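One structure is given below, encoded as structure tokens.
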Amino acid sequence: MGLKTVGLLSPGDMGHVVGKVLKQNGLQVLTCLEGRSDRTRRLAEISGVEAVSSYDQLVKDVSLIISILVPAEAKNVAQSVGLAIKDTGEKIVYADCNAISPETSKQIDVVISEVGSKFVDAGIIGGPPRQKGITRFYCSGPDTSTFEELGNYGLDVRVAGREIGQASGLKMCYAASTKGYTALCTELLIAAKKMGLYERLVEEFQLSQEVRYRSMESGLPGMPTKARRWIGEMEEIAKTFEDLGLTPKIYQGAADVFRMVGETSLAEETPETQDKSRTLAQMIKLLTKS
């Protein structure tokens, strides 16, 4: 099937860049902005993603829908699209690219399959694809051929396996490492600050963990703008590990760290309004005071 038009839910921080890449490479990209924020609407305009009036209209106009949302909304949006598919009688491919557990992905598969459409499990590793080589779109399921066509339109698409849940599982394990580490570093630096040991700890990191500390300096200051989104992602990782008979407590704790950060004024900033001159030390000082 030759792709011409795809649906995108929704054009947020990651989604609007994905939509822009697809448009630049020849696809028409549509969205439904029902219930979305003013910021998401602005990002849609910036990326050139066109809005239609309803989910019913969206499923009539596209052959593939790509879902890129906060994890907590993934199933709700899939159910809304499922109702639209049922109402219109259309048959589409629905690809969930969210940071959700394999079990949640399987639940969404049921929602989409029950209304006669195909489901693709997918996971995004890397930041928004503003340049080549930084973002991979892993997919899994019995038939990922339609989603794989996105590889012809500027995305790096790779097959993780032929079972629903494998792409999500890969994303969960990867994010457990990267974002879990961010939570760990944030908490230990706040602890050091509270004990009056921040400078001593930084000196020791610079002596014995120089590369790791440079990574903290460059990566952690941008975290507060994402903290609220990452709560749900950590909870999905915890669920993934618990379903495998492993402890969920590590990532329940990571969710608590991001929840704490999400309650501070730093989390009110967006990537557009964030103070990009703020240093790691300044961020930790503000979080400690909060």
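The values are calculated or read from the model by the stated rules, or taken from the named source; none is laboratory data. The model shown is predicted, which means the values in this text are computed figures rather than measured ones. Here the Cβ positions follow ideal geometry from the backbone for every residue, glycine too, while neighbour counts run over all protein chains shown. Accessible surface areas use protein heavy atoms only, side chains included; no ligands, DNA or RNA. Shrake-Rupley method; radii C 1.70, N 1.55, O 1.52, S 1.80 Å.
Data table
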item	result
Close pairs from segment 258-283: first closer than 11 Å to ALA227 by Cβ, partner not in a helix (DSSP H, G or I), Cβ under 7 Å, at least 6 apart	THR264/SER290
Selection count, segment 211-232, where residues are small (Gly, Ala, Ser) and open to solvent by less than 20 Å² (accessible area, probe 1.4 Å)	3
Conditions (1) more than 17 Å from the chain's Cα centre (by Cα); (2) open to solvent by 60 Å² or more (accessible area, probe 1.4 Å); (3) farther than 23 Å from LYS20 by Cβ: number failed by GLY133	(3)
Unique residue being crowded, with 21+ Cβ neighbours inside 10 Å and among the hydrophobic types (A, V, I, L, M, F, W, C) when the list is LEU150, LEU197, LEU184	LEU150
Within segment 233-284, considering residues that are β-branched (Val, Ile, Thr) and assigned to a loop (DSSP other than H, G, I, E, B), the one surrounded by the most Cβ atoms within 10 Å (Cβ to Cβ)	THR264
Single condition SER290 does not satisfy, out of (1) at pLDDT below 95; (2) within 23 Å of the chain's Cα centre (by Cα); (3) more than 19 Å from ARG229 (Cα to Cα)	(2)
Of all residues in segment 35-87 being of a type in the set (S, T, N, Q) and in contact with a His (Cβ under 9 Å, 6 or more places away or on another chain), the one that is surrounded by the most Cβ atoms within 10 Å (Cβ to Cβ)	SER47
